[in-house]
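Got a structure for you, questions after.
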Amino acid sequence: MRCEEVREILPAYGRDGDTGLPVRRHLSRCADCSAELARYNSLARSLEDLRTQAAEPPAELFHQLASIPYRTSRAQEVRTHVTRNRNRYATGVAVAVIGAAGAAFWKTRRGRVATA
Ligand SMILES: [Zn+2]
C-alpha cells in the first residue's frame, strides 16, 4: 500500500483498530504513517478527555456578576409600575367604562325625549 492510501484509512484505523493486514504491514514499516497514526490517537484521547471534563466557574465570578449594577429598561419600569398599581388602573378602567356607558345611556334617553 502507498502512504496516501494508508493516510485515508488512518482515522478509521485509529477509531476501530483494525482495517486489515496491508495497513498494519505498512504501519510497521513506515515511520511517517506511524507518527500520523500516533497524532490521530492523541487527538482522539484529548477529545475524549474534553467530553468528560466539566468546567467549574471561577469562585470570584459570582461576586463579580452580582456587583454589576442592575439596570431596567423603560418597558420593564412601566411593567413594574403597572403591576404595582394594578388596582388603581383597574378602578380607573372601571370608572371609564361606567362613565362611557352612562354617557351612552344619557345620549339615548335625550334622543328619545327629543323625538317624543
Ligand atoms: Zn506510509
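What follows draws every value from the coordinates through simple rules; no lab data is involved. This one's a predicted model, so the numbers in the text were calculated from it and none came from an experiment. Positions of Cβ are backbone-derived with ideal geometry, glycine not excepted, and every protein chain shown enters the neighbour counts.
How much length, in nm to one decimal, is gained on full extension between CYS3 and VAL93, taken as 0.36 nm per residue of separation minus their Cα-Cα distance?
24.1 nm
Counting each DSSP H run of 4 or more residues in the chain as -39500 (n - 2.57), what helix-only mean residue ellipticity at 222 nm follows after dividing by all residues, to the nearest 500 deg cm²/dmol?
Mean residue ellipticity, 222 nm, calculated: -26000 deg cm²/dmol.
Beyond 24 Å, what share of the Cα-Cα pairs of the chain is found? Please give it as a whole percent.
Result: 69 percent of Cα pairs exceed 24 Å.
What's the longest bit of the chain with no exposed trypsin sites (Lys or Arg not before Pro), using DSSP loop states and at most 16 other Cβ atoms within 10 Å as the test?
So the longest stretch without any such site is 3-70.
Along the charge dipole of the chain, pointing to its positive end and built from +1/-1 on Cβ of Lys, Arg, Asp and Glu, which listed residue (LEU37, PHE105, GLY20) has its Cα farthest out?
So the residue furthest toward the plus end is PHE105.
Once you have the Cα-Cα distance between VAL82 and LEU47, take 0.36 nm times their residue separation minus that, and quote the gain in nm to one decimal.
Working it through step by step, the gained length comes to 7.4 nm.
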